[in-house]
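The next block holds one structure in the form of C-alpha cells; read it before the comments.
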Amino acid sequence: MISFIVCLIVLIVGYFTYGKFVDNVLAPDDRETPAVKINDGVDYVVLPQWKLFLVQLLNIAGLGPIFGAMQGALWGPIVFLWITFGTIFCGGVHDYFSGMLSERNNGMSISEVTGIYLGGFMKNVMRVFAVVLLIMVGTVFAVGPAGLLVELMKEKGVSGPFATATTWLAIVLLYYFIATFISIDKVIGKFYPVFGICLIIMAIGVAIGLPLNGYHTPELFTHFYNMHPNGTPVWSFMFITVACGACSGFHSTQSPMMARCLKSERQGHFVFYGAMVAEGVIALVWAAAGCSIYEVTNGLNTGLSTALAAGQPAAIYDVCVKTMGPIGVVLAMLGVIACPITSGDTAFRSARLTIADWFGINQDKWTKRLELCVPVLGIGAILGFGNTLGFLSYQVVWRYFSWTNQTLAMIVLWSAAMYLAKEKKNYWIAVVPAMFMTGVSSTYFMMAPECLGMIKPLQNNIAIAYPAGIAFILLFLALFMRAKNKAVKA
C-alpha cells in the first residue's frame with residue numbers, strides 16, 4: 001500500500017500548499033457576499049462554514065468518486081496518479097474558481113459566469129451543456145441508488161413492489177421534486193451534513209478494511225502499465241471515466257449554490273478547494289478497493305470487470321460487504337444510497353436555478369419554482385424509467401454524462417483563466433489545467449464509440465485522435481491568448 005499512502009499524503013499536503021497558493025492568487029477580501037446582500041430565504045441563505053463544507057462535499061460527490069473510481073481502477077494503480085494530481089492541480093482549481101467567481105457575481109449560475117468572461121456565445125453553449133449535464137446527473141444519481149436498494153431488498157428476502165427498481169425510482173424522484181422545490185436550508189442545510197459525514201466514514205471503513213481483510217493494494221512501481229481487460233487506451237478514456245474524483249464540470253454547477261451561502265470570501269479555500277480534496281481522498285480509497293479485491297488474470301483486471309458487469313450498485317455493495325462485513329451493509333445504505341440521492345436532488349435544483357438565471361425567472365414565489373420543477377423532473381423521470389424498463393442503457397447515459405462533464409470543466413477553467421488575465425493575476429494556474437482538459441475532451445470525442453468513434457475507422461484510433469487533441473489544445477490556447485491581449489488593452 002506504499003503507493004496508496006504516498007498519494008494520500010500528497011493530496012493532504014496539496015490542500016495546505018498549492019490550494020493556499022491558488023487562494024492567495026485570487027486574494028479573498030471582506031466584500032459583502034451575496035448571502036448577506038441578497039438573502040431571499042430560499043436560495044441565498046447564510047450557512048456556517050462546517051456545514052458549507054459538508055454540503056458542498058455531498059453535492060459534488062454522490063456516486064461519482066465511487067462509481068468512477070472503481071471503473072477507473074480497471075486501468076490499474078496508474079489511476080492513483082490522475083486522482084492525486086488531477087485533484088490538486090485541476091479539480092481543486094476548477095472547483096475553487098467556479099465557486100468564487102459565482103460569489104463575486106451575485107451567486108450567478110456557472111453558465112452566466114462563463115458568459116461574463118468568455119462572451120455571449122459561450123454563455124449559451126454553457127447554458128445548454130449545464131442543463132443537459134445536470135439532468136443526466138440527476139438521472140444517474142436516481143437510477144444508481146434505486147438499483148442498490150433493490151440489491152438490499154433481495155438480500156433481506158423482500159418481495160413485491162419494494163423489490164423492484166421502478167418503485168424505488170419513483171420514490172427517489174418524488175423526493176427529488178420536494179428537495180428541488182423548497183428552501184435550501186429546510187432539507188439540504190439540515191440533513192446533508194450528516195450524510196456527508198457518513199460518506200467520509202464509509203471511505204475510512206473501506207480503507208481500513210482492505211488490509212484487515214488481507215487484501216493487498218498493488219504498487220505503482222510494479223504495475224505501471226495498462227491493466228484494462230479490453231485494452232482500452234489510458235488517454236483519454238481513464239481521464240473521462242474518473243471525473244468526480246479528479247476534475248469534474250458537474251462541480252461547477254453545484255458550487256454556485258454554496259457561493260450563495262458564504263458569509264465571507266475567506267471561507268472559499270476550505271469549502272471549495274477543501275471539498276474537492278476530500279472527494280479526491282474518497283476516490284483514491286475506492287480506486288484502491290477496485291485494484292485490490294478482485295482477481296487479476298495475466299496482468300489484467302478481469303475480476304473487477306466481471307464485478308462491474310453485474311451492475312455498479314452490486315459491485316459497490318460487494319466492496320462494502322467484503323471490507324466491512326455486516327457494518328458495510330449499513331454504510332452502503334447510508335453512503336451509497338443517501339449520498340448520491342443528495343447529489344441528484346441538488347443537480348435538479350441547480351438545473352432549475354440555471355434555467356431561472358437563463359430566462360430571468362424570479363424564484364422567490366413558489367409558483368415560479370413549480371413552473372421549472374415539473375418539466376425538469378419530468379425529463380429526468382423519462383430517462384430514469386427508460387433505463388429501468390430496459391429501453392435506455394444506463395451505461396450509455398453515464399458515458400455521455402462523462403464526456404459532457406469534462407467538456408464543461410474545460411470551459412470553466414478557460415473562464416477562470418480569462419478572469420485572472422483581466423485582473424492581471426497569474427492566469428497560468430488555470431490555463432495549464434484548461435489545456436489539459438481540452439486535450440482530454442477533444443481526444444475522447446474523436447475516438448469514443450458514442451462520439452465520432454461510432455465511425456469505425458476512428459474508434460480507438462490514437463493515430464488520428466492524439467494529433468487532433470494536440471491541435472485542439474494549441475487552437476484553444478491561441479484563442480485564449482488573442483482574447484486575453486484584447487481584454488488587457490481594452
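When ligands, DNA and RNA are left out and all protein chains stay put, how many square angstrom of accessible area per residue does the range 422-481 have with a 1.4 Å probe? Provide the component values of the computation, followed by the final result.
On the way: 2950 Å² over 60 residues.
Counting only protein heavy atoms, the per-residue value for the range 422-481 is 49 Å².
Give me the lysines in straight-line cross-link reach of residue 322: C-alpha distance below 21 Å, same-chain residues under 8 apart excluded.
154, 156
Give me the 1.4 Å probe accessible area per residue for the range 1-68, excluding ligands and nucleic acids, in Å². Let's see the in-between values first.
Numbers: 2700 Å² over 68 residues.
That works out to 40 Å² per residue.
Take residue 224 and residue 32, extend 7 Å from each Cα along the Cα→Cβ direction, and tell me the distance between the two endpoints in nm.
5.6
Å³ per residue of the Cα convex hull, for the range 407-459? It would help to have the intermediate numbers written out before the result.
On the way: hull volume 2.8 nm³, N = 53.
Here the figure is 53 Å³ per residue.
Rounded to the nearest 0.05, what FRET efficiency is calculated for residue 474 and residue 20 with R0 set to 41 Å and r the Cβ-Cβ distance? Present the calculation step by step, with values, prior to reporting the outcome.
Values: r = 32 Å, r/R0 = 0.77.
Taking R0 as 41 Å, the efficiency between residue 474 and residue 20 is 0.80.
Cross-link list 37/489; 20/425; 263/489; 51/123; 425/489; 20/51: which exceed 25 angstrom alpha carbon to alpha carbon?
On the way: 37/489 32 Å; 20/425 15 Å; 263/489 35 Å; 51/123 31 Å; 425/489 15 Å; 20/51 21 Å.
From the list (37/489; 20/425; 263/489; 51/123; 425/489; 20/51), the Cα-Cα distance tops 25 Å for 37/489; 263/489; 51/123.
Against the empirical 2.2 N^0.38 Å scaling, what ratio does the C-alpha Rg of the range 80-231 come to? Walk me through the intermediate numbers first.
Numbers: Rg = 20.7 Å, N = 152, 2.2 N^0.38 = 14.8 Å.
For the range 80-231, the normalised Cα radius of gyration is 1.40.
Give the Kirkwood hydrodynamic radius (Å, one decimal) of the range 79-131, defined as one over the mean of 1/r across all pairs of different Cα atoms. The partial results should precede the final answer.
Numbers: mean 1/r = 0.0831 Å⁻¹.
After inverting the pairwise mean of 1/r, the radius is 12.0 Å.
Roughly how far apart, in whole Å, are the Cα centres of the range 248-299 and the range 50-124?
8
Counting only protein heavy atoms, what percent of the accessible surface of the chain is carbon or sulfur at a 1.4 Å probe?
Details: 12380 of 17730 Å².
Percent of accessible area from carbon and sulfur atoms in the chain: 70.
Could you give the semi-axes, largest first, of the ellipsoid that matches the chain, computed as the square roots of 5 times the alpha carbon gyration tensor eigenvalues and rounded to whole Å? The partial results should precede the final answer.
On the way: eigenvalues 200, 151, 97 Å².
Over the Cα atoms of the chain, the ellipsoid semi-axes are 32, 27, 22 Å.
Heavy-atom accessible area per residue, the range 240-364, 1.4 Å probe: how many Å²?
For the range 240-364, the per-residue accessible area is 24 Å².
So what's the range 119-165 giving for Cα Rg divided by 2.2 N^0.38 Å, two decimals?
On the way: Rg = 17.8 Å, N = 47, 2.2 N^0.38 = 9.5 Å.
So the range 119-165 has a normalised radius of gyration of 1.87.
Over the alpha-carbon set of the range 303-384, divide Rg by the Kirkwood Rh and report the Rg/Rh ratio to two decimals. Write down the numbers at each step before the final one.
Details: Rg = 18.2 Å, Rh = 15.3 Å.
Rg/Rh for the range 303-384 comes to 1.19.
Taking square-rooted eigenvalues a ≥ b ≥ c of the alpha carbon gyration tensor, is the range 1-80 rounded, prolate or oblate, where a/c under 1.5 means rounded and, failing that, a/b exceeding b/c means prolate? Walk me through the numbers before you get to the answer.
Values: a/c = 3.47, a/b = 1.73, b/c = 2.00.
Oblate shape, in that a/c is at least 1.5 and b/c is the bigger or equal ratio.
Does the range 178-310 classify as rounded, prolate or oblate by the C-alpha gyration tensor (a ≥ b ≥ c root eigenvalues; a/c under 1.5 gives rounded; else a/b over b/c gives prolate, otherwise oblate)?
On the way: a/c = 2.34, a/b = 1.97, b/c = 1.19.
Verdict is prolate for the range 178-310.
Which three lengths, in whole Å and largest first, does the range 236-346 cover when its Cα atoms are put on their principal axes?
On the principal axes, the range 236-346 reaches 52, 35, 21 Å in Cα extent.
Take each of the peptides 209-216, 107-114, 12-19, 162-169, average the number of other beta-carbon atoms within 10 Å over its residues, and list them starting from the highest.
Values: 209-216: 14.5, 107-114: 26.6, 12-19: 16.4, 162-169: 18.2.
Order by mean packing, descending: 107-114, 162-169, 12-19, 209-216.
Pop out the ³J(HN,Hα) list for the range 133-139 in order, Karplus 6.51 cos²θ - 1.76 cosθ + 1.60 with θ = phi - 60°, rounded to Hz; leave Gly and Pro as x.
4, 5, 5, 5, 4, x, 5
Can you order the peptides 259-272, 75-88, 230-243 by their average number of other Cβ atoms within 10 Å per residue, highest first? Mind showing how you got there, number by number?
Values: 259-272: 23.4, 75-88: 25.0, 230-243: 20.5.
Final packing ranking: 75-88, 259-272, 230-243.
The values are calculated or read from the model by the stated rules, or taken from the named source; none is laboratory data. Keep in mind that what you see is a predicted model, and the values were worked out from it rather than measured. Positions of Cβ are backbone-derived with ideal geometry, glycine not excepted, and every protein chain shown enters the neighbour counts. SASA here: full protein model, heavy atoms, side chains in, ligands and nucleic acids out. Shrake-Rupley method; radii C 1.70, N 1.55, O 1.52, S 1.80 Å.
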